[in-house]
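The values are calculated or read from the model by the stated rules, or taken from the named source; none is laboratory data. Because the structure is predicted, anything quoted here is derived from the model rather than measured. Note: ideal-geometry Cβ built from the backbone for every residue, glycine included; neighbour counts use all protein chains shown.
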Amino acid sequence: MQAWVLDDPGELSLVTKPVPQPGPAEVLIRIDAVAICATDLEIIRHGAPALIDGELPFNKNFTPGHEFMGTLAALGPDVDEYAVGDRVAVEIHAGCGRCPRCREGMYTSCHNYGMNYGTHRKGHRANGYTTDGAFTEYAVNHVNTLVPVPDFISDEVATLIVTAGTAVYGLDVLGGLIAGQSLAVTGAGPIGLLAVAVAKALGAYPVILTDIVDTRLQIGTKLGADYVINAAKESAHDTTYEITLGRGVDFVFECSGAPNAVDEAIKLVNRGGRVCLAAFAAEPALVDVGHIVTNNIYLFGIRGEGKSAVRRAASLMAQKKLDASLIHTHTFPLKELLTGLRYAREKLDGAIKVVIKNH
């Protein structure tokens, strides 16, 4: 099969690799489509947070890419939950299944992260992070990472089930939205936009979206945002407090990663409010801890799509309560991955979510 591998930082090569074979409780997936995530761009350029053989992933015949869907091409021994030909989306993290975190369902926080090489074989897998990813034609995955995809959902949109799963996970961590509770989403990237859509599907009101790009805010409106704020043109804090009659929102979902985002987020919530951090910040941030303590504010960090949130996101999409199609903007064939990465990195032609398609 053809596969892109990471060479030196920022450099990828198209090579030939053997098709992997599924073991017990595993399946072979023909990858039909894979979305490019901002974390893929970070891995290709800087290596982290990918970890191959306990080291940075450069020049290790490593294939990046992690948000994918496909068709089952073969089943490993004893797999009877699915059949060849089934369409599935694939969770990124399998976890080791044996550490305390995995036993709690927190496999994205697996204590044995990256321990799958040499004598360190604890069974952990994370596509495109600690094992080969999806910028290729076939992949092997554990059966517990699979989510069925209805026929009416396109390949491109099905790659966004995992992204929507991250949004669901973040809202779960905040305590689970109850209809009528208020939410501010800061940052109108793919996760932020889908957080708006998920929150509205769960009955949140009002849902406020902030960003500095009007075209993305317009998409947020189409996905259900009750209010949008261009933070480059007006104060997100003042406008949020005006909307909420001086109280602030119940929850903030921070998806921008901006240097001042955490400090701004804690000042958007009301007393006793909760803030979920979903973006990788480029540098450490200064935060008013006194404000957090005085106002009894809770901070949560999430990674990925934990606690089976992908399955709940897939259910919302299968019920047509969540439409992720507005997030997908560009498609390129596998052989044009480098062009797709450039569109994703430079946001050419308004790119939000770029998808690489094999077939």
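Condition check: out of contact with any helix residue (DSSP H, G or I) (no Cβ under 8 Å at 6 or more places or on another chain) and over 20 Å from Cys276 (Cβ atoms). Does Thr221 satisfy that? Please lay out each step first, then the result.
Details: out of contact with any helix residue (DSSP H, G or I) (no Cβ under 8 Å at 6 or more places or on another chain): yes; over 20 Å from Cys276 (Cβ atoms): yes.
Yes; evaluated as a whole, the condition is true for this residue.
Answer with yes or no whether Arg247 is touching a residue at least 24 places away in the same chain (Cβ under 8 Å) and of a type in the set (Lys, Arg). Working first, answer last.
Numbers: touching a residue at least 24 places away in the same chain (Cβ under 8 Å): no; of a type in the set (Lys, Arg): yes.
The answer is no for Arg247.
If Glu305 passes every condition in (1) crowded, with 16+ Cβ neighbours inside 10 Å; (2) in a helix (DSSP H, G or I); (3) touching a Phe, Trp or Tyr at 6+ places or on another chain (Cβ under 6 Å) but one, which one does it miss?
Among (1) crowded, with 16+ Cβ neighbours inside 10 Å; (2) in a helix (DSSP H, G or I); (3) touching a Phe, Trp or Tyr at 6+ places or on another chain (Cβ under 6 Å), the lone unmet condition for Glu305 is (2).
Taking the condition of being under 18 Å from the mean Cα position of the chain (by Cα) and either charged (D, E, K, R) or surrounded by fewer than 21 Cβ atoms within 10 Å (Cβ to Cβ) (or both), how many residues in segment 26-43 meet it?
The qualifying residues number 5.
Considering only residues of segment 113-122 that are among the hydroxyl-bearing types (Ser, Thr, Tyr) and outside any strand (DSSP E or B), which is surrounded by the most Cβ atoms within 10 Å (Cβ to Cβ)?
Tyr113
I'm trying to understand the selection: among the residues of segment 192-225, which are β-branched (Val, Ile, Thr) and crowded, with 24+ Cβ neighbours inside 10 Å?
Taking segment 192-225 and keeping what is β-branched (Val, Ile, Thr), we get 196, 198, 207-208, 210, 212-213, 215, 219, 221.
Of everything in segment 192-225, those that are β-branched (Val, Ile, Thr) and crowded, with 24+ Cβ neighbours inside 10 Å turn out to be Val196, Val198, Val207, Ile208, Thr210.
Can you tell me which residue in segment 233-275 is nearest to Ile292 (Cα to Cα), limited to those that are part of a strand (DSSP E or B) and among the aromatic types (Phe, Trp, Tyr)?
Kept after step one, since they are part of a strand (DSSP E or B), are these residues of segment 233-275: 249-254, 269-275.
When the remaining residues are screened for being among the aromatic types (Phe, Trp, Tyr), the result is 251, 253.
Values: Phe251: 14, Phe253: 16 Å.
Taking the candidates together, the pick is Phe251.
For segment 3-25, how many residues meet the condition of being buried (at least 23 other Cβ atoms within 10 Å of the Cβ) and either in contact (Cβ under 8 Å) with a residue 60 or more places away in the chain or closer than 15 Å to Ile92 by Cα (or both)?
2
For the structure I just gave you, tell me whether Lys267 is under 23 Å from Thr63 (Cα atoms), basic (Lys, Arg) and touching a residue at least 12 places away in the same chain (Cβ under 8 Å).
no
Hey, does segment 312-329 have a residue that's outside the structural domain of Asp238 (by TED's automatic domain parsing), surrounded by fewer than 14 Cβ atoms within 10 Å (Cβ to Cβ) and over 22 Å from the mean Cα position of the chain (by Cα)?
For segment 312-329, residues outside the structural domain of Asp238 (by TED's automatic domain parsing), surrounded by fewer than 14 Cβ atoms within 10 Å (Cβ to Cβ) and over 22 Å from the mean Cα position of the chain (by Cα): absent.
Could you tell me which residue of segment 231-243 is farthest from the chain's Cα centre (by Cα), considering only residues that are closer than 15 Å to Arg271 by Cα and surrounded by fewer than 19 Cβ atoms within 10 Å (Cβ to Cβ)?
Step one: filter segment 231-243 for residues closer than 15 Å to Arg271 by Cα, giving 237, 240-241.
Applying the additional criterion that residues be surrounded by fewer than 19 Cβ atoms within 10 Å (Cβ to Cβ) yields 237, 241.
Details: His237: 27, Tyr241: 29 Å.
Filtering segment 231-243 for residues that are closer than 15 Å to Arg271 by Cα and surrounded by fewer than 19 Cβ atoms within 10 Å (Cβ to Cβ), the one farthest from the chain's Cα centre (by Cα) comes out as Tyr241.
For segment 129-139, does any single residue satisfy the condition of being in a helix (DSSP H, G or I) and surrounded by 22 or more Cβ atoms within 10 Å (Cβ to Cβ)?
Within segment 129-139 (the criterion being in a helix (DSSP H, G or I) and surrounded by 22 or more Cβ atoms within 10 Å (Cβ to Cβ)), the answer is no, since none of the residues qualifies.
Out of everything in segment 226-269 that is under 18 Å from Ala199 (Cα atoms) and among the polar types (S, T, N, Q), what residue ends up being modelled with the lowest pLDDT?
If we take residues in segment 226-269 being under 18 Å from Ala199 (Cα atoms) and among the polar types (S, T, N, Q), then Ser256 is modelled with the lowest pLDDT.
Which residues, counting only those in segment 231-257, are in contact with a Ser or Thr (Cβ under 8 Å, 6 or more places away or on another chain) and not β-branched (Val, Ile, Thr)?
Selection gives Ala231, Ala236, Gly248, Asp250, Phe251, Phe253, Glu254, Cys255, Ser256.
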